[in-house]
1. What angle do you read, to the nearest 10 degrees and between 0 and 90, between the alpha-carbon axis of helix 80-90 and the longest principal axis of the chain?
2. Compare 38, 237, 311 in a GNM of the chain, Cα atoms joined below 10 Å, and give the one with the largest fluctuation.
3. Roughly how tilted is helix 166-185, in degrees to the nearest 10 and between 0 and 90, from the longest Cα axis of the chain?
4. Highest GNM mean-square fluctuation, the chain, Cα pairs closer than 10 Å: which of 18, 53, 80?
5. Testing the spin-label approximation: label points 7 Å from Cα along Cα→Cβ at residue 59 and residue 89. State their distance in nm.
6. Bin by bin, in steps of 10 Å, what percent of the Cα pairs in the stretch 73-123 do you find, going until the bin that has the longest distance?
7. For the stretch 2-72, what class follows from the C-alpha gyration tensor (a ≥ b ≥ c being the square roots of its eigenvalues): rounded when a/c is under 1.5, otherwise prolate if a/b is larger than b/c, else oblate?
8. Report P(r) for the stretch 155-295: all Cα-Cα distances, bin width 10 Å, range 0 to the bin holding the largest distance, values in whole percent.
């Protein structure tokens with residue numbers, strides 16, 4: 001199988017590349033390596049897949065020295081001509097679109113970045129899949145689409161028309177766009193609503209890494225909504241296992257060949273319990289600054305993953321303490337990336 005992974009220098013994209021390259025598939029990775037957070041972390045992920053920073057180019061695909069079946073190119077999804085050219089030349093079987101402008105709070109400060117990347121960039125992927133047909137398009141959505149939904153756990157059947165951030169609105173727009181292209185052009189597509197993914201190589205702007213860094217070095221952490229928050233923290237290995245299963249199976253043929261699934265832990269964890277797990281790993285207590293809820297945040301995320309379990313037998317198995325222990329050990333080894 002030849003697979004394109006966009007967002008290959010990102011957290012989930014990095015693990016996706018490793019999984020399929022190690023499985024023996026022909027993998028092409030794409031990322032614009034923007035500076036939303038420190039690019040050195042992104043280059044470190046890329047290096048861990050056998051690609052030196054100095055060799056990365058926007059002109060051509062660069063071969064990995066670690067995986068003979070992996071190549072990478074620095075490119076932006078908004079560059080339609082470049083995307084079309086890549087699709088035409090490579091003739092992908094599967095596209096895994098994980099590239100996006102991430103972050104709920106940053107969307108308040110820089111809205112245009114989200115429209116350009118998450119909507120225009122995704123449209124270019126859809127158009128490329130239309131003109132250079134693929135067997136399956138799998139794309140990243142987000143639990144944030146549930147917005148002000150007060151019913152828990154969140155089900156794929158729930159209404160998702162009340163987003164509380166532009167980020168959430170763009171991810172919902174992606175789902176609707178994918179649905180229309182599946183209907184109009186018979187492009188099999190599957191959207192995955194990720195729920196608070198964490199683990200080694202994670203994003204430095206998210207709580208797990210921020211808290212781990214602060215606790216280890218005795219720095220204070222901000223605890224929003226005075227700790228009264230619940231998140232469906234999902235360990236990265238569980239995410240990749242579920243996603244790989246979905247990628248291997250196209251949606252059933254029918255009126256519209258598309259599906260949307262929640263992919264999460266199905267066990268929301270109190271923020272204070274998550275902090276306590278970090279304290280246990282680090283062997284020291286966190287210095288907590290209790291504060292109000294931030295704009296764009298929601299009180300709780302809680303995934304109903306019964307559809308994914310029913311269709312694919314998927315069930316996450318990594319406990320919070322096990323996942324945090326793995327993150328702690330990795331952080332000690334790579335802490336220089338965060339200073």
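1. 70
2. Looking only at 38, 237, 311, the biggest GNM fluctuation is shown by 311.
3. 30
4. Maximum among the listed residues: 53.
5. 1.2
6. Answer for the stretch 73-123: a P(r) of 23, 50, 21, 7 percent.
7. Values: a/c = 1.66, a/b = 1.38, b/c = 1.21.
Because a/c hits 1.5 or more and a/b exceeds b/c, the stretch 2-72 counts as prolate.
8. For the stretch 155-295, the pair-distance distribution reads 10, 31, 31, 17, 8, 2.
Rule-based calculations on the coordinates, nothing more; no lab input. Since we're looking at a predicted model, the values are computed, not measured. Cβ coordinates were reconstructed from backbone atoms using ideal geometry, including for glycine residues, and neighbour counts include every protein chain displayed.
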